[in-house]
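Undergrad: This is the structure I want to talk about, given as structure tokens.
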Amino acid sequence: IEKPALAEEILNTIAQILHQHHRDRHKVMVVDDDPHILQLMQTFLERWGLEVTTLQDPHQFWQVLEATSPDLLILDLIMPDYSGIDLCQAVRTASLWHDLPIVFLSAHSDRATIRQLFAAGADDYLSKPIGEEDLHTRILSRLERSRLSRHTADFDGLTGVYTHRRGIQNLTQLLRLATRNHQTLCVAILDLDLFKQVNDRYGHSMGDTVLKQFGSLLQQYFRSEDVTMRWGGEEFVVGLYGADRQQSIERLTKLLEIWRQQQFLTDGAEIFYVTFSAGVAEYPTDGNNLETLYRKMDAALYRAKAAGRNQVVA
Ligand code: GH3
Ligand code: MG
Ligand code: MG
Ligand code: MG
């Protein structure tokens, strides 16, 4: 029996970080220096089935934020050392969190304070003392909406894999994890061969069917700790965590063998097949940042195309 290359625990953590939006229970994080407020908020929010994380000491803010990855953040305005405004501004400039919904709690509701909150990037505010009904109306509807819009921003509508934007964010995290855990990581670009011909011969909607089918194969084939995204058009990029060059070539070659047997049937009862070409780059040997790795994988793809397509080149 082959020993797994990575501890189960690490894999679970990665999968959790990458697929944080797949959970069904909404997560809310509340930061307030007053333990009574935290207790009250927890009671209210849990009553509506939300998962609540409370934090009294803002010094641990980033640690707790990354560990919980909440769907919504509730911040107290006035706390020692870091104000809610400081935290809010910091979240808004962090690429992974900049669109996290933020609601403030404030005992002050004068115009100047409110203006300051919104200028810092707040989505809403609640005045203390907090009434349950007010909290209910403002938090629940915001959570529903944010989940919906996040899902469309994160997943490609046609193929179901990550969008370019979200995929790159996840890949950045994956690279950080690989560095921290001294793991290899490969990035690969998969480009469908002569796809323009598919559209030209069988029509654009048949082309869409092929893309959709390829997307669902990618989702089935790759592990949850890998990142699969639509790079654009008929090009996809995969981040293979903990895989070296050789392992990545093997896995992509196996995928190609499956894919090239996938039959497509036209309206005119004609059967056709589609292949892909792939280019692979390995971290850290081919580069230690994503920009360099993208260039290397593109160069490898170019060689795969030039050598006759329907193959994996690293
Ligand atoms: P190569 O093997 O060199 O990659 O050839 P190719 O024909 O695949 O490459 P090319 O870049 O010339 O064409 C890509 C085609 O993919 C052109 C474009 O119309 C098509 N395409 C891109 N996005 C979509 C889409 O969402 N749906 C459909 N049906 N076609 C798409
Ligand atoms: Mg306070
Ligand atoms: Mg292309
Ligand atoms: Mg192509």
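Undergrad: Residue check: is ILE14 at pLDDT below 90, buried (at least 17 other Cβ atoms within 10 Å of the Cβ) and not in a loop (DSSP other than H, G, I, E, B)?
TA: Values: at pLDDT below 90: yes; buried (at least 17 other Cβ atoms within 10 Å of the Cβ): yes; not in a loop (DSSP other than H, G, I, E, B): yes.
In short, yes.
Undergrad: Something else now. For the stretch 44-62, give me each residue that is more than 16 Å from ligand 2 (Cβ to nearest atom) and under 22 Å from the mean Cα position of the chain (by Cα).
TA: LEU50, GLU51, VAL52, THR53, TRP62
Undergrad: Which one of GLN183, GLN213, GLN197, GLN219 is part of a helix (DSSP H, G or I), under 23 Å from LEU293 (Cα atoms) and of a type in the set (S, T, N, Q)?
TA: Answer to the selection: GLN219.
Undergrad: Do we have VAL198 as closer than 30 Å to LEU96 by Cβ and at pLDDT 95 or above here?
TA: Details: closer than 30 Å to LEU96 by Cβ: no; at pLDDT 95 or above: yes.
In short, no.
Undergrad: Out of the stretch 207-237, which residues are away from ligand 1 (no atom under 12 Å from the Cβ) and either crowded, with 22+ Cβ neighbours inside 10 Å or β-branched (Val, Ile, Thr) (or both)?
TA: Hits for the stretch 207-237 are GLU225, ASP226, VAL227, THR228, MET229, VAL237.
Undergrad: Condition first: part of a helix (DSSP H, G or I), closer than 28 Å to ASN12 by Cβ and more than 16 Å from ligand 3 (Cβ to nearest atom). Can you find one or more residues in the stretch 228-244 that meet it? Walk me through it before giving the result.
TA: Within the stretch 228-244, the subset part of a helix (DSSP H, G or I) is none.
Within the stretch 228-244, not a single residue is part of a helix (DSSP H, G or I), closer than 28 Å to ASN12 by Cβ and more than 16 Å from ligand 3 (Cβ to nearest atom).
Undergrad: Return the total of residues in the stretch 179-212 being more than 11 Å from ligand 4 (Cβ to nearest atom), hydrophobic (A, V, I, L, M, F, W, C) and farther than 16 Å from GLN262 by Cα.
TA: So the count comes out to 4.
Undergrad: Another one. Give me a count of the residues in the stretch 213-241 that are within 18 Å of MET297 (Cβ to Cβ), away from ligand 4 (no atom under 16 Å from the Cβ) and of a type in the set (D, E, K, R).
TA: Residues in the stretch 213-241 being within 18 Å of MET297 (Cβ to Cβ), away from ligand 4 (no atom under 16 Å from the Cβ) and of a type in the set (D, E, K, R): 1 in total.
Undergrad: Among the residues of the stretch 139-155, which ones are under 22 Å from LEU50 (Cβ atoms) and surrounded by 15 or more Cβ atoms within 10 Å (Cβ to Cβ)?
TA: ILE139, LEU140, ARG142, LEU143, SER146, ARG147, ARG150, ASP154
Undergrad: Any residue in the stretch 183-198 that is under 20 Å from LEU218 (Cα atoms) sitting within a Cβ distance under 7 Å of a residue that is modelled with pLDDT of 95 or more and within 6 Å of ligand 1 (Cβ to nearest atom)? List the pairs, counting only those 6 or more apart or interchain.
TA: ASP191/GLU234; LEU192/GLU234; ASP193/ARG309; PHE195/GLY207; PHE195/GLU234; VAL198/GLY207
Undergrad: Go through (1) in contact with a Phe, Trp or Tyr (Cβ under 9 Å, 6 or more places away or on another chain); (2) modelled with pLDDT of 95 or more and name the single condition ARG303 misses.
TA: (1)
Undergrad: Which of the helices (runs of 4 or more DSSP H) found entirely inside the stretch 63-173 contain at least 2 residues meeting this: among the charged types (D, E, K, R), at pLDDT 85 or above and more than 16 Å from ligand 2 (Cβ to nearest atom)?
TA: Working: elements: 84-93, 111-119, 132-154.
Correct list: 111-119, 132-154.
Undergrad: Moving on. Which ones in the stretch 255-271 are of a type outside the set (A, V, I, L, M, F, W, C) and part of a loop (DSSP other than H, G, I, E, B)?
TA: Residues satisfying the conditions are ARG260, GLN261, GLN262, GLN263, THR266, ASP267, GLY268, GLU270.
Undergrad: Can you name the residue in the stretch 262-314 that is among the charged types (D, E, K, R) and within 16 Å of ligand 4 (Cβ to nearest atom) and is also surrounded by the most Cβ atoms within 10 Å (Cβ to Cβ) among such residues? Talk me through it step by step, then tell me what you get.
TA: Quick first cut of the stretch 262-314, residues among the charged types (D, E, K, R) only: 267, 270, 282, 286, 291, 295-296, 298, 303, 305, 309.
Retained after the next criterion (residues that are within 16 Å of ligand 4 (Cβ to nearest atom)): 298, 303, 305, 309.
Details: ASP298: 15, ARG303: 14, LYS305: 17, ARG309: 14.
Among those that are among the charged types (D, E, K, R) and within 16 Å of ligand 4 (Cβ to nearest atom), it is LYS305.
The values are calculated or read from the model by the stated rules, or taken from the named source; none is laboratory data. If you're wondering where the values come from, they're calculated on a predicted model, not measured in any experiment. Please note: Cβ atoms are built from the backbone with ideal geometry, for glycine as well, and neighbour counts cover all protein chains shown.
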